[in-house]
Amino acid sequence: MFIVKAITVLAAAFLSMLAIRHVAAVLEASRARVRAQPRRPPKDATRLRQDPRTGIYHPEK
């Protein structure tokens with residue numbers, strides 16, 4: 001009878017360990033989630049105009 005009780009206790013301990021590991025993994029995964037920021041609308045492209053004398057590009061106004 002002692003052997004049956006010992007095997008039952010060992011099985012319960014093993015299953016409890018598996019359950020605790022599973023809960024810990026779920027908690028770790030929930031902490032690792034990313035909080036994505038909402039997307040901003042894209043800016044309009046700045047048009048450039050070349051200065052005929054210097055050849056340097058400047059933003060169009």
| said: Quick check on the range 51-61. Is at least one of its residues open to solvent by less than 80 Å² (accessible area, probe 1.4 Å) and of a type in the set (Asp, Glu)? | reply: yes
| Candidates SER30, SER16 - the one that is surrounded by 10 or more Cβ atoms within 10 Å (Cβ to Cβ) and either part of a loop (DSSP other than H, G, I, E, B) or small (Gly, Ala, Ser) (or both) | SER16
| message | Can you list residue pairs whose Cβ atoms sit under 8 Å apart, with the first residue in the range 23-47 being within 30 Å of TYR57 (Cβ to Cβ) and the second being assigned to a loop (DSSP other than H, G, I, E, B)? Count only pairs 6 or more apart in sequence or on different chains. | response | THR46/GLU60; ARG47/GLU60
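The values are calculated or read from the model by the stated rules, or taken from the named source; none is laboratory data. Because the structure is a prediction, the values reported are computed rather than measured. FYI the Cβ positions are ideal-geometry reconstructions off the backbone, even for glycines, and counts take in every protein chain you see. Note: accessible area is taken over every heavy atom of the protein model, side chains too, but ligands, DNA and RNA are not part of it. Shrake-Rupley method; radii C 1.70, N 1.55, O 1.52, S 1.80 Å.
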